[in-house]
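The structure appears below as structure tokens.
The values are calculated or read from the model by the stated rules, or taken from the named source; none is laboratory data. Note that the coordinates shown come from a computational prediction; the quantities given were computed from them, not determined experimentally. With ideal geometry, Cβ positions are generated from the backbone for all residues, glycine too; neighbour counts draw on all protein chains shown. Just so you know, the surface numbers come from the protein's heavy atoms only, side chains and all, with ligands and any DNA or RNA stripped out. Shrake-Rupley method; radii C 1.70, N 1.55, O 1.52, S 1.80 Å.
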Amino acid sequence: MSLDDSHLPERTISLAGRLSLTDATTLHEDLLNGVTSDAFESLKLNLSGIEYFDSSAMAVVFDIERTTKAAGKKFELTGLTEAVKGLLTLVDREKLTAPSAAKKPKPERILAQLGGGALSFLADTKAFIVFVGDAAGAMAGSFVNPRSIRWRDTLFYAERAGADALPLVGLVSLLLGLILGFQALMQLKQFGANIYAADLVGLSVVCELGPLMTCILVAGRSGSAFAAEIGTMKVNEEVDALVTMGFDPVRFLAVPRMLALTLVVPVLIVYSGFLGLLGGLIVGVGMGDLTVSGYLLESQKTIQLWDIGQGLIKGETYAVVVGLVGCMRGFQARGSAASVGQSTTSAVVTAIFLIIIVDAVLTLMFQYFGRG
Amino acid sequence: MAEATETKISATNTAPAGKRPVIVQVRDLVVRYGEATILDSVSFEIYQGEIFAILGGSGCGKSTLLRQLMGLEKPAAGNVLIDGDDITAAEGDEQEKILRKIGILFQSGALFGSMTVAENISLRLLEYSDLPQAMIDVIIRMKLSMVGLDNVEDEMPSELSGGMKKRAALARAMAMDPRILFCDEPSSGLDPIGAAELDNLLIQLNRSLGVTIVVVTHDLASISAVAHRAIMLDKSVKNIIAEGKPLDLKEHSDNPLVKNFFNRMAESGVNLKTKSGKEK
């Protein structure tokens, strides 16, 4: 780069050689230093010595032109080589060097963000209510005409959500029983009331934690899978294809999945309950000086049929929630792979959130209308 | 896109004059998927500054060949030299050096859906340069201006139409000023006007920047308008059955497969004709 200040107030800067991405930052800094001086009124950038010129070098030149013009000075490009002319034919130089070209996005105000968030929550709630209606209609239609249910798909999803989940649900439930038993024993030992560990573990696992943990795992495994599968189908226009072929996508895609969950979740809950009790038993016998028969008798005395029913009602409700949310989030996917990812995450988060809400409501209801 | 629409597509795009250096050299390339051989000892050369088309019927290995040229897959034998460097053997930094010389326009655009158009274009610039953000913003606007897009920097790809996605993907492919641009079915999914505009854009990029363009396409109009030279692959021989200028291949080839391809005739020779002799 060479400067010629002999004709002030006109300044000429000549560039020569190969100018590419690797030199662009240095070139930009050097040129900016050269043009920020107030000692000239017009700037000529002579490019006649250029051997190679890429778009990053062109971006530097445009930025210098914009800076010069913004300072109220004249700017001229001279000595244009073929390479430079070629690049210039492809771009709108005037637009790129206009002072307003470097626009900054305005940050959104906090109130607008809050308002946007509230509106989005309302829209989401409305979409959920509408989907619950659609799903209920499709489910009712399917029960009226059971032959219309896609039983093969239902069994496939039942296997995936149920049988395939047995190792994970079993392990988590066993560990849950162990932890609960251990914590309970540590406290009860102080009063010599070791046997009541069986009551505590039994009731917790059967009424509350068994269904809750099982359905959180189901939401993570199956709810997310439903959202991802249906979302991908939506993005690939497969759902549109179903509609144009005369199928109700909710009945075709959501009913088998939801039905599968409602069939397998009670089984998983009973299985989880047994393994939770086993966990408590291991700790009780191993650390609490209890006998196997003593522990089992105490559990049998404490856990009533209604407690098991309570757990099953809760679990069945959670299963409906997980199925509904998973399928709804899948149908809400739009346009891209990122949207499918968002739907999948949202399916899990929303399902867990709703499971906790439903749990609170059901626990209160059972307290008032049954044995809580 | 005023500039692109003003440029008329000539019946054939003339190749740059003079002897040019070889920029892509394919030597005895063999590609196998399991037991199946897709390409069997394919060899050809692409010259700097030309628009080169890879043609052929479905399943002949066009896309497989393109994936080899782009270094996405390794061949069973043979090699691909990009500007003298073997992309099939390159690893790590060496591979990165070669990849910086090429830009790729995928059939679907393959824009990253979780990023804005601007982020898609600036991805490689941010990775491989230390340019300040202001400079990168100028380059983004320049590249978008090159492909005839304005004010879409902050849009997500899902908000763009099919044609706009292709243009944005082309802007991304051109972000690092590649020496070679690979295009997989560039006109697929576009209406005839959009396809013609994209053809014009490729011709302009080739003429103005001297970028070598390798196109895989089925589009006969596009082949005639854009390509300086072409090869045609066939699945029966798993190799090249014709090489030359598209117009020569169309009018003077003795190979019935080439004739059928360029004249849009069924392989069985069954071709419905009206009484006036015009094809239906």
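In this structure, A:Thr125 does not satisfy being without any contact (Cβ under 8 Å) to a residue 40 or more places away in the chain, in a helix (DSSP H, G or I), within 14 Å of chain B (Cβ to nearest Cβ) and surrounded by fewer than 16 Cβ atoms within 10 Å (Cβ to Cβ). Taking residues in the stretch A:267-280 that are assigned by TED's automatic domain parsing to the domain that holds A:Leu171, and partners anywhere that are among the basic types (Lys, Arg) and assigned to a helix (DSSP H, G or I), the pairs with Cβ atoms closer than 9 Å and at least 6 places apart or on different chains are A:Ile269/A:Lys314.
For the structure I just gave you, tell me whether B:Lys275 is modelled with pLDDT under 85, assigned to a helix (DSSP H, G or I), at negative phi and away from chain A (no Cβ under 14 Å). So B:Lys275 does not fit the description; no.
In the stretch B:131-146, is there at least one residue being open to solvent by 50 Å² or more (accessible area, probe 1.4 Å), within 13 Å of chain A (Cβ to nearest Cβ) and touching a residue at least 40 places away in the same chain (Cβ under 8 Å)? Looking for residues that are open to solvent by 50 Å² or more (accessible area, probe 1.4 Å), within 13 Å of chain A (Cβ to nearest Cβ) and touching a residue at least 40 places away in the same chain (Cβ under 8 Å), one finds none in the stretch B:131-146, hence no. Scanning the stretch A:29-55 for residues that are within 14 Å of chain B (Cβ to nearest Cβ) and aromatic (Phe, Trp, Tyr) turns up A:Tyr52, A:Phe53. Every listed requirement among (1) in contact with a Phe, Trp or Tyr (Cβ under 7 Å, 6 or more places away or on another chain); (2) open to solvent by less than 20 Å² (accessible area, probe 1.4 Å); (3) within 10 Å of another protein chain (Cβ to nearest Cβ) is met by B:Arg100 save one, (2). Here A:Glu65 fulfils each of the conditions (1) of a type outside the set (Lys, Arg); (2) modelled with pLDDT of 85 or more; (3) over 13 Å from B:Met135 (Cα atoms) apart from (3).
Answer yes or no as to whether B:Leu125 is facing chain A (nearest Cβ under 7 Å) and among the aliphatic types (A, V, I, L, M).
Values: facing chain A (nearest Cβ under 7 Å): no; among the aliphatic types (A, V, I, L, M): yes.
Criteria not met by B:Leu125.
The number of residues in the stretch A:297-307 being in a helix (DSSP H, G or I) and surrounded by 16 or more Cβ atoms within 10 Å (Cβ to Cβ) comes to 4. Being within 30 Å of A:Gly17 (Cβ to Cβ) and open to solvent by 80 Å² or more (accessible area, probe 1.4 Å) is the requirement here; does A:Glu82 meet it? Criteria met by A:Glu82. Scanning the stretch B:169-212 for residues that are out of contact with any Lys or Arg (no Cβ under 6 Å at 6 or more places or on another chain), within 13 Å of another protein chain (Cβ to nearest Cβ), assigned to a helix (DSSP H, G or I) and among the aliphatic types (A, V, I, L, M) yields a count of 7.
Residue-wise test of (1) touching a Ser or Thr at 6+ places or on another chain (Cβ under 7 Å); (2) under 22 Å from A:Glu159 (Cβ atoms); (3) modelled with pLDDT of 90 or more.
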residue: A:Leu212; (1), (2), (3): no, no, yes
residue: A:Glu229; (1), (2), (3): no, yes, yes
residue: A:Glu238; (1), (2), (3): no, no, no
residue: A:Val243; (1), (2), (3): no, no, no
residue: A:Val255; (1), (2), (3): yes, yes, yes
residue: A:Leu268; (1), (2), (3): yes, yes, yes
residue: A:Leu275; (1), (2), (3): yes, yes, yes
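Find the residue count for the stretch B:59-87, including only residues that are open to solvent by 30 Å² or more (accessible area, probe 1.4 Å), of a type outside the set (Gly, Ala, Ser) and within 16 Å of the chain's Cα centre (by Cα). Explain how you work it out, then say what you get.
Initial filter on the stretch B:59-87 (open to solvent by 30 Å² or more (accessible area, probe 1.4 Å)): B:59, B:63, B:67, B:72-74, B:76-79, B:83-86.
Subset that is of a type outside the set (Gly, Ala, Ser): B:67, B:72-74, B:79, B:83, B:85-86.
Subsequent filtering for residues that are within 16 Å of the chain's Cα centre (by Cα) retains B:67, B:72.
Number satisfying all stated conditions: 2.
Against the conditions (1) under 23 Å from A:Gln183 (Cα atoms); (2) within 29 Å of the chain's Cα centre (by Cα); (3) not in a helix (DSSP H, G or I), A:Asp289 satisfies every one except (2). Selection within the stretch A:14-28: residues that are among the small types (Gly, Ala, Ser) and away from chain B (no Cβ under 11 Å). The member of this set that is farthest from A:Leu77 (Cα to Cα) is A:Gly17.
The single residue among A:Gln342, A:Gln332 that is within 14 Å of another protein chain (Cβ to nearest Cβ) and in contact (Cβ under 8 Å) with a residue 40 or more places away in the chain turns out to be A:Gln332. Annotation note: of A:Gly294, A:Gly284, A:Gly311, the sole residue that is under 30 Å from A:Leu185 (Cα atoms) and touching a Cys at 6+ places or on another chain (Cβ under 8 Å) is A:Gly311.
Out of the stretch A:138-162, which residues are touching a residue at least 40 places away in the same chain (Cβ under 8 Å) and open to solvent by less than 60 Å² (accessible area, probe 1.4 Å)? Those that are touching a residue at least 40 places away in the same chain (Cβ under 8 Å) and open to solvent by less than 60 Å² (accessible area, probe 1.4 Å): A:Ala138, A:Met139, A:Gly141, A:Ser142, A:Ser148, A:Ile149, A:Asp153, A:Thr154, A:Tyr157, A:Ala158, A:Ala161, A:Gly162.
Looking only at helices (runs of 4 or more DSSP H) that fall completely inside the stretch A:176-272, which ones have 2 or more residues that are over 21 Å from A:Val283 (Cβ atoms) and among the small types (Gly, Ala, Ser)? First the steps, then the outcome.
Details: elements: A:196-203, A:210-218, A:224-235, A:238-244.
Helices (runs of 4 or more DSSP H) meeting the threshold: A:224-235.
Residue-wise test of (1) more than 14 Å from the chain's Cα centre (by Cα); (2) of a type outside the set (D, E, K, R); (3) open to solvent by less than 20 Å² (accessible area, probe 1.4 Å).
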{"site": "B:Ile203", "(1), (2), (3)": "no, yes, yes"}
{"site": "B:Asn206", "(1), (2), (3)": "no, yes, yes"}
{"site": "B:Ile213", "(1), (2), (3)": "no, yes, yes"}
{"site": "B:Ile223", "(1), (2), (3)": "no, yes, yes"}
{"site": "B:Ala230", "(1), (2), (3)": "no, yes, yes"}
{"site": "B:Lys235", "(1), (2), (3)": "yes, no, no"}
{"site": "B:Ala242", "(1), (2), (3)": "yes, yes, yes"}
